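The values are calculated or read from the model by the stated rules, or taken from the named source; none is laboratory data. Bear in mind the structure is a predicted one, so any value in this text is a computation, not a measurement. Methodologically, a virtual Cβ is constructed for each residue, glycine included, from the backbone with ideal geometry; neighbour enumeration extends over all protein chains shown.
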Amino acid sequence: MKRLTDVAAPVALLVLLLAIWEGATWLLDVPHYILPAPSRIAGTFISHFPSLFHHAVATLAEIVLGLLLGGLGGFALAVAVFYSPVLERALYPLIVASQMIPVFAIAPLLIVWMGYGLWPKATVAALIGFFPIVVNASDGLRSPSEESVELFRSLGATRRQIFTKLRFPASLPTLFAGMKVAVTLCVVGATIGEWVGAHRGLGYLMLQSNALLRVDLVFAAILMLSILGLLLFGAVRIIERRALRWRDIS
Amino acid sequence: MSSRAIAVRGVAKSFAETHVLNSVTFDVKTGTWATILGPSGCGKTTLLRILTGLLDPDAGDVVVGFAPGLTGCAAYLPQRDTLLPWRTALDNATLASEIEGRPRAEARAEAVELFAHFGLAGFEDRFPSQLSGGMRQRLSLIRTFLARRDVLLLDEPLGALDPLTRATLQDWLLLVWTEFRKTILLVTHDVEEALLLSDRVLVMTERPASIALDTPVELRRPRDRASADLAAEKGKLLQMLLGGGR
Amino acid sequence: MKRGTLVGLLVAILCVGTALARESLEVSLDFFINPNHVPLVVAQELGYFADEGIDAVLRVPADPSNPVKLAATRAVDIALTPQINYLIARSEGLPLVAIGALIDRGLGGLLALRDRGIDSIDDLRGARIGYSLTPLEPILWRTMLDCAGIGEDEVQLIHVGYATMQSLLAGSVDAVGAFRNFEPFVAELEGASTVFFPQEDYCIPETYELILVVHPDLLSERGDELAAFLRGVARGIETTVSEPEAAFTAFATAHPDLDDELNHRSFEATLPLYAEGVRHDDPEIWEGMQDYLSERGLIANVLSLEELFTDALLPDGPQPGE
């Protein structure tokens, strides 16, 4: 019964918000090329579904690749920075500064280096998504108590064993938290990457639709993007629940 | 095998400005139980860490087991709960074997036996969060045992427990010690516990610490918590503490 | 001075000030300020709008598809926009009407570097062509290539976002969609020698690159001010064409960050392209472009000429014979 109310509450809220949106559009006579009504967006979503799906697949590939790159890269960076104070001092300011660079500045550079395929978009996504992973992984690697580390050392564990058996498993909870944030950032990153050079994808579709003043199609693309984001977020949560079984047992 | 499992001579240790240990000297005979009594923050943990080999003394010599202060000669049980929450009870217990690369099946079998022996049968696949405080301490102790060292260094293992659980575990520890005849160095601030469990009591002073008192416990085993003899010994010890040690 | 007299004086100034203050005309440009807009800046700086009794404010839009939306919702009064964008907007039902033009020719085409061995459009066989505006540019360039007899499989059209010149100069693409009065000079200043293929030479209908559009209601509400505005713009164009150096000086003074060799060269190339008398009313140009866009699927609805533009506000009046 509780599951039912769990689902009912957000659904009810969503329905309410949509109703307000629909009503406001109608009452205030908002032009469709400024803000289309949800009903119109839904209609466009259904009628253009094959096209939306086709573009979604392209963007999904960029997001997933970006997540992998950002995830692995971010984690590797966190490990390097953890074990080398020199690298930490040298790299940390750069890592933070990297987040200040607006995408439109670096994206053309990436395209010149990597061409127009999947990689530049995935890289943009990875650049935006790796930051929460580095920060969270670093915190996670640091999380075991002094006593735990001493226990391992007293048992004669090598640094490698301390990493694989203590620090790495200890970092997983915060790492997954970072992954969930990274998912949403990678979705945005892939979309922006497409704005600076693509021939497929939901971001590209948004550009195209905007130029044709088909704002309903822009929103339909955004809806598809949201669905992708939710699916990916859900996927990470499922993996998290399996990996962190021990945490959810009360 | 040496008759002295632990030999400490004039060990001193400072951290920055703080003088923690100042010429600590004592012996612990093989197979016996010694307890260090002392106020909080007097450096008991530091001493244990030196004995484990995690820390080097600034001065003095330490011999534990066969070799001078080698990491891995003593099994160390830290004060705070160091069970790994993501491992099952059984996997926590076999941590030492895993680190040393012993065959998995063998280590697990050994652990299962101990689980049964010490009342944790059936809890092998539970996670630490599912165990009570007392069970977690038992698990920690099993893990310490399975490290297969002859010397055990226990840092206030029962301090956080309620009196009933503490009493149960004290009896359990005695049982284990009697059965396996390890050399135990226990650190505690509980005078009764020291008298109940150990052959010798070593009283540490406040920082900079040294051994103020080194006295045998002249009570016959098995000892009774409620006995008048124990109470008398406690009285004597307290007098010595309040009078002699600073 | 006595306190009473001071107050009286202030009140008098306020009254006069209020009487002189007019509601301004908000004008949205099509893009960032560039030499295409010199006559507008000239008109402003030399007081041509003030002479007509109006106050015009020039605004830069957030994104290129915005100006028509802003005019249609009356967030601005006048929008500057390409005829093609305007026709697309009208097809989507936006309430607008065209009142005049700033540039009465097409500016677009394909730009390539001679150093890559490209001299004629035929040399684009096997090339990669970069573009930024989708879906418009692929359709335009495809038309040009078909016209030149180059098949679809003989060319790669690549969306390069906003970095067209970077892609071209770096060699990632061999040609890009460009405006004849701007991008070629970017390349030349980098030491490259260029070749430009104008769109109208390759089967693309003539167009008004920049027209002025308003919400239809404004014609009745503020028609006089709009006519005054167009007079100011026409005068600005006249001055710009007859005294280019003075015009550019006025432009550069108002926008010092654009006072460079690139913008100067661009301006000189734009001089013959400004719309004399801000005329925008050649029916053939309207019909031609609308039919083209309709055929290519860029617009779904075709409108009558009366619905699309009005020449009622033009400084020199309607065409003779209308």
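Values for this structure:
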{"read-out": "Tabulated pairs, segment A:3-26, first without any contact (Cβ under 8 Å) to a residue 24 or more places away in the chain and of a type in the set (D, E, K, R), second surrounded by 10 or more Cβ atoms within 10 Å (Cβ to Cβ) and not in a helix (DSSP H, G or I), C-beta under 7 angstrom, 6+ apart or interchain", "value": "A:Glu22/A:Ala37"}
{"read-out": "Enumerated helices (runs of 4 or more DSSP H) restricted to segment C:76-176, each holding at least 3 residues that are more than 14 Å from chain A (Cβ to nearest Cβ) and more than 30 Å from C:Arg231 (Cα to Cα)", "value": "C:136-147"}
{"read-out": "Flag for A:Ser84 being without any contact (Cβ under 8 Å) to a residue 12 or more places away in the chain and of a type in the set (S, T, N, Q)", "value": "yes"}
{"read-out": "Which numbered condition B:Ala89 misses (of (1) touching a residue at least 40 places away in the same chain (Cβ under 8 Å); (2) facing chain A (nearest Cβ under 9 Å); (3) more than 16 Å from the chain's Cα centre (by Cα))", "value": "(2)"}
{"read-out": "Within segment A:76-113, tally of residues that are among the polar types (S, T, N, Q) and under 21 Å from the mean Cα position of the chain (by Cα)", "value": "2"}
{"read-out": "Checking C:Pro67 against (1) within 22 Å of A:Gly115 (Cα to Cα); (2) surrounded by 18 or more Cβ atoms within 10 Å (Cβ to Cβ); (3) within 14 Å of another protein chain (Cβ to nearest Cβ), the condition it does not meet", "value": "(1)"}
{"read-out": "Residue in segment A:62-81 that is in a loop (DSSP other than H, G, I, E, B), away from chain C (no Cβ under 14 Å) and not aliphatic (A, V, I, L, M) present", "value": "no"}
{"read-out": "Within segment A:197-234, considering residues that are under 19 Å from the mean Cα position of the chain (by Cα) and either among the hydroxyl-bearing types (Ser, Thr, Tyr) or at the interface with chain C (Cβ under 7 Å from one of its Cβ atoms) (or both), the one surrounded by the most Cβ atoms within 10 Å (Cβ to Cβ)", "value": "A:Tyr204"}
{"read-out": "Selection status of A:Ser98, out of contact with any His (no Cβ under 7 Å at 6 or more places or on another chain), among the polar types (S, T, N, Q), farther than 30 Å from C:Gln156 by Cβ and modelled with pLDDT of 95 or more", "value": "no"}
{"read-out": "Residues of segment A:113-137 classified as modelled with pLDDT of 90 or more and not in a helix (DSSP H, G or I), total", "value": "0"}
{"read-out": "Residues that are part of a helix (DSSP H, G or I), surrounded by fewer than 17 Cβ atoms within 10 Å (Cβ to Cβ), in contact (Cβ under 8 Å) with a residue 40 or more places away in the chain and not hydrophobic (A, V, I, L, M, F, W, C), drawn from segment C:234-263", "value": "C:Thr253, C:Glu261"}
{"read-out": "Test: B:Thr35 is among the β-branched types (Val, Ile, Thr), touching a strand residue (DSSP E or B) at 6+ places or on another chain (Cβ under 6 Å) and modelled with pLDDT of 90 or more", "value": "yes"}
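To keep it simple, each residue is scored yes or no on (1) assigned to a helix (DSSP H, G or I); (2) within 14 Å of chain C (Cβ to nearest Cβ); (3) surrounded by fewer than 20 Cβ atoms within 10 Å (Cβ to Cβ).
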| position | (1), (2), (3) |
| --- | --- |
| A:Ser148 | yes, no, no |
| A:Ala157 | no, no, no |
| A:Gln161 | yes, no, yes |
| A:Arg167 | yes, no, no |
| A:Ala170 | yes, no, no |
| A:Thr174 | yes, no, no |
| A:Ala182 | yes, no, no |
| A:Val187 | yes, no, no |
| A:Ile192 | yes, yes, yes |
